[in-house]
Amino acid sequence: MKIGIISLGCCKNLVDTENLIGMLQQSNQEITYNLNEAEAIIVNTCGFIDPAKEEGINTILEMAEYKGKKCKKLIVMGCLSERYYDQLVEELPEVDCFITLKQYNQLGPILTEVLGEKIANDYGKCPQVLTGKPWMAYLKIADGCDNRCSYCAIPLIRGGYRSFDIEVLVEQAKELAKRGVKELNLIAQDTTRYGLDNYGERRLLELLKRCNEIEGLHWIRVLYMYPDEIDYELIEGMAKLEKVLPYFDIPVQHGSNRMLSIMNRRGTSESIIDLVNKIRETYPLPALRTTMIVGFPTETLEDVDMNLEFMKTIKWDRLGGFTYSKEEDTPSYEMVDDVTQEEKERRYELMMKLQEEIVEAKNQELIGKTLEVLVEKQDGLTGFYRGRSVFSAPDGIDGEVIFKSETPIEFGTFVPVTINRIKAHDFYGNCMK
């Protein structure tokens, strides 16, 4: 059967999709990217925030238009199915089957019944099929979350934190390296908690050491690190592993201790500043990325000022900003949303304007420096190559390195680029190969 697959949401959801494709291919099903040819369509959804939910519903309705042509079956899985199963079944009769996250261990039998094709029940056991660039892969090391931030629905959707077996992860990493993966990105809702639930202690550093020994891997990047779980042992241990990038993705959410407490975040702005200072003492050129929320219930102008001062002290290399929106079934949903949308937008603009000024000043320090760059594409008109340095995760929002080279360069290789100009988050330079 020809099956079309749509994957929405975060990179953690993408790994679920890649595991699904692996299972289907092992069962002799054909994956097609031409939806007009698809005899069945599977949509893997996100249900985290309102825009993601809207995207999911719109995509489902769009895919429903293919039914009655070649497509006979429409299947929806993922976070939206988990969170709104009963409501979706009632309101979207166009969908033949909704599959919740809890049903993934029975994905084979469910798909066998719906599709009328024999699908082996080995989800997660087949090789992960990479849907992006062949030299980059995500390795999901855990699922679920125990942090219970007051604004976040992930624990309600994905359940409690569950670390995956370290031996299985190492074997998966080895298999990916054998298939040509050079950049391995470790992901989870909270990577720093890895191992605490099933081994009784944090074992992220051990996992990194094991991956660092794998032949073929060149870069190892860790995403989604909870600030109060990053200790000095982890920082210093990572610095000794030559393949592990000094890229610290640390969502802190706010710089006011009062707001952190209301958000049910552990730690303080002072402890975060100490952590960043330790990282910068350990690494000559670390990349520090965060996310922050403005307009959370009861946020005052004093909290806003504290947040801006916190940003000036830290000087993040990359910062993603969000305006608060109510999420049903979370503790903050019951709070009075007392900051108007107009004021949220004003505070957001203040934050992002400051971040732009910080990044512009910080980036000037990189002019004249040589960065290792993973080459990923070339402009057809200009001939300029584009790639990523330590400062850019593979999600498209960290910017690129754009550079000239006198000799041809193969995509997926690493080259030294000397930076001579910077525009926003994009670096420009010349290849020194």
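A few comments on the model shown:
- The alpha-carbon positions of the stretch 302-429 define a convex hull whose volume is 152 Å³ per residue.
- Basic side chains Lys and Arg get +1 at the Cβ, acidic Asp and Glu get -1 at the Cβ, and with that the dipole of the stretch 364-433 about its Cα centre reaches some 200 debye.
- For the chain, taking a cut-off of 4.7 Å between Cβ atoms, the unpaired cysteines are 10, 11, 46, 71, 79, 97, 126, 145, 211, 431.
- For the stretch 321-385, the normalised intensity computed at q = 0.12, 0.18, 0.24 Å⁻¹ comes to -0.65, -0.84, -1.05 (log10 of I(q)/I(0), Debye sum over alpha carbons, equal scatterers, no solvent).
- Taken about its Cα centre, the chain carries a charge dipole of about 1380 debye when Lys and Arg each add +1 at the Cβ and Asp and Glu each add -1 at the Cβ.
- ³J(HN,Hα) computed for each position of the stretch 47-55 - Karplus, 6.51 cos²θ - 1.76 cosθ + 1.60, integer Hz, glycine/proline x: x, 7, 10, 3, x, 5, 5, 4, 4
- Derived scalar couplings between HN and Hα for the stretch 188-203 equal 5, 5, 7, 5, 5, 7, 3, x, 5, 7, 9, 10, x, 7, 5, 10 Hz in order, rounded to whole Hz, by the Karplus curve 6.51 cos²θ - 1.76 cosθ + 1.60 (θ = phi - 60°), x for Gly and Pro.
- With the whole protein complex present, residue 27 retains an accessible surface near 10 Å², based on a 1.4 Å probe.
- C-alpha center-to-center spacing [the stretch 49-126, the stretch 330-370] in angstrom: 36
- Taking all Cα pairs closer than 8 Å and separated by 6 or more residues, the relative contact order of the stretch 87-150 comes to 19 percent.
- For the stretch 218-311, averaging the sequence separation of C-alpha pairs within contact (under 8 Å, six or more residues apart) and dividing by the residue count gives a relative contact order of 35 percent.
- Stokes-Einstein D for the stretch 103-190, Kirkwood Rh over Cα pairs, 25 °C, 0.890 mPa s (µm²/s): 162
- With contacts taken as Cα pairs under 8 Å at a separation of at least 6 residues, the chain carries a relative contact order of 9 percent.
- Loop trypsin sites (Lys or Arg not before Pro), the stretch 209-243 (other Cβ atoms within 10 Å of the site Cβ: 16 or fewer; DSSP): 240
- Listed pairs 312/362; 133/315; 140/209; 72/125; 12/102 exceeding 23 Å between Cα atoms: 133/315; 72/125
- Using just its DSSP H runs of length 4 or more, each adding -39500 (n - 2.57), the chain gives a mean residue ellipticity at 222 nm of -10500 deg cm²/dmol after division by all residues.
- Cα lying deepest toward the dipole's positive end in the chain, options 414, 330, 279, charges on Cβ: 414
- Note that the stretch 146-220, at 20 °C in a medium of 1.002 mPa s, gets a Stokes-Einstein diffusion coefficient of 158 µm²/s from its Kirkwood radius over C-alpha pairs.
- 3J(HN,Hα) along the stretch 138-151: 9, 10, 7, 9, 6, 9, x, 7, 10, 6, 6, 4, 5, 9 Hz, from the Karplus curve 6.51 cos²θ - 1.76 cosθ + 1.60 with θ = phi - 60°, whole Hz, x for Gly and Pro.
- All alpha carbon pair distances within the chain were sorted into 20 Å bins beginning at 0; the resulting P(r) in whole percents reads 23, 56, 21, 0.
The values are calculated or read from the model by the stated rules, or taken from the named source; none is laboratory data. All figures in this text were calculated on a predicted structure; none of them were measured in a lab. Cβ coordinates were reconstructed from backbone atoms using ideal geometry, including for glycine residues, and neighbour counts include every protein chain displayed. Surface accessibility is based on the protein's heavy atoms, side chains included, excluding ligands, DNA and RNA. Shrake-Rupley method; radii C 1.70, N 1.55, O 1.52, S 1.80 Å.
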